[in-house]
1. Go through the range 302-327 residue by residue and tally those that are in contact (Cβ under 8 Å) with a residue 40 or more places away in the chain and of a type in the set (S, T, N, Q).
2. Taking into account only those residues within the range 456-480 that are under 23 Å from residue 400 (Cβ atoms) and among the hydrophobic types (A, V, I, L, M, F, W, C), which is farthest from the chain's Cα centre (by Cα)?
3. Given the conditions (1) on the phi > 0 side of the Ramachandran plot; (2) in contact with an Asp or Glu (Cβ under 8 Å, 6 or more places away or on another chain); (3) surrounded by fewer than 21 Cβ atoms within 10 Å (Cβ to Cβ); (4) not aliphatic (A, V, I, L, M), which single one is not true for residue 172?
4. Somewhere in the range 288-302, is a residue at pLDDT below 90 and either of a type in the set (D, E, K, R) or surrounded by 15 or more Cβ atoms within 10 Å (Cβ to Cβ) (or both)?
5. Suppose we keep only residues that are crowded, with 20+ Cβ neighbours inside 10 Å and at pLDDT 95 or above within the range 229-243. Which one would you say is nearest to residue 426 (Cα to Cα)?
6. For the range 395-411, name all the residues that are more than 13 Å from residue 381 (Cβ to Cβ) and touching a residue at least 24 places away in the same chain (Cβ under 8 Å).
7. So which of 433, 457, 468, 402 ends up being touching an Asp or Glu at 6+ places or on another chain (Cβ under 6 Å) and not assigned by TED's automatic domain parsing to the domain that holds residue 171?
8. Checking the condition surrounded by fewer than 20 Cβ atoms within 10 Å (Cβ to Cβ), of a type in the set (Phe, Trp, Tyr) and touching a residue at least 40 places away in the same chain (Cβ under 8 Å), which residue from 250, 341 passes?
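The values are calculated or read from the model by the stated rules, or taken from the named source; none is laboratory data. Because the structure is a prediction, the values reported are computed rather than measured. Every residue, glycine as well, gets a Cβ built from its backbone with ideal geometry; the counts of neighbours run over all protein chains shown.
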Amino acid sequence: MPENLRLTLHSQLAAFVRRKPVTATPETPLREVVETMSEQRVGSIVIVEPESGRPIGIFTLRDLLHRVAARDCDLERLVVSVMSDTGLLMLNWRGTAYQAAILMARHGVHHVIIVDSAGRLAGVVSQSDILDVERGGAKAISGAIRSARDTETLVAVAGEIRRMGEQMLAEGGAAEPLTQLISTLNDHLTLRLIEQTMQDFQLPRVDWCWLAFGSEGRFEQTFSTDQDNGIIFRAPAGEAQAVRDAFLPFARAVNEKLDACGFTLCKGNIMASNPELCLSLDEWRGRFGSWLQAASPEALLNATIFFDFRPLYGAEELGDELRAWLLSRTSGGGASLFLRFMAENAVKAAPPLGVIRDFVFDKNEEFPHTIDLKAFGSRPFVDAARILALATGVGETGTTQRLRAVAEKAKLGREDIHAIIDGFFFIQQLRLRVQREGGAAGAANRVDPDSLNELDRHVLKEAFKQARKLQGRLQLDYRL
């Protein structure tokens, strides 16, 4: 099997470095640099410090065209005089392909420099390296997003994302790479919408970041999804309201454009255009802190949505600061009572397993003899993973990433974790199938077990057992 078929968008960047990076030192003559690029057939060369091996700049074919040829530059000059040293995009090799894809999309470049834990150059990953793990028409869709000049184009592209996902599912695509791909392309589309909308507004000159919540925050978007987003910004004391007032019209425009692209407006108003979700860093801390103290039903519900946040566009360090602040208060027993209430709430959504019959059904009169694969299928996994991550200080937001990260800390066996994750993805895959087939409004996540073949019914039952096992761990940890 080719290596790229084993990689996913959550694979570490170290796996994408397939050749030794081509480098030069600052004192290398420009002529030698150009000859090396020609011999090695590369479009860029990284400039590194001779002793430390740390990258300090990059020289590309674009630099050769605009900084050398266009200016009739002397080829005997040192490369340090013409290299690009501003905005050098670097990621640690433990970062993910997804992070690299978003970074390149945000800055409009085609490569990112990979460094090791000591900051030394490890390699260069290109946009094509990342897109090689994406199937079907993902490359064409990514290109269409980057080149889109108006909302109408992005509306059309959004339809293509769904059609491509449906085709991949019909061809037997697995749930994990499929949901990752959908989330990544949707992120690309959102980034482009934000960039386009920014041109129509005079935004405050402060650090700010667009946040994703809920399933988008967990990289778990399916074919049926609405908007869950917000804004975080940095503002001096007493100026937060003025900054918020300036951001809200912009946020409203982005929300409306996303709605046009098929990401429906959130019925619960969990959107950046809601003043309650356009907050300064201090205000978000205050909001989170009040929920941790209250432990009311409303606070518990808010935690299930907003604690799954991740930065999407802008000053990502604001989101990182908020995440670190939150984990400092939930891990190590700091919010044990709140987590206990969360666990108590989580186990109420019991998997629909019967004692005598294989499955039990809720009392939904509109859709009798069906199972809600979201409320009683994927939710038990999502809720348990969130609680375990908060308790152990794990910063990941995706359900399976959380489970893998807490496996050792929470003393969950490797085989147990693999079985739990397989169960979660089977339910996700079944949800995607149901959504692709379509059906009555309000039944996007419902399935009649009798409509499944014998094997699928058996695997679904086993998947529910894995959810119940995970809930059993919560009951044990919090003595429920």
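1. 1
2. Here the residue is 476.
3. Residue 172 satisfies every listed condition except (2).
4. Yes, some residue in the range 288-302 is at pLDDT below 90 and either of a type in the set (D, E, K, R) or surrounded by 15 or more Cβ atoms within 10 Å (Cβ to Cβ) (or both).
5. My answer is 229.
6. Across the range 395-411, the qualifying residues are 395, 397, 410.
7. 402
8. So the residue among 250, 341 that is surrounded by fewer than 20 Cβ atoms within 10 Å (Cβ to Cβ), of a type in the set (Phe, Trp, Tyr) and touching a residue at least 40 places away in the same chain (Cβ under 8 Å) is 341.
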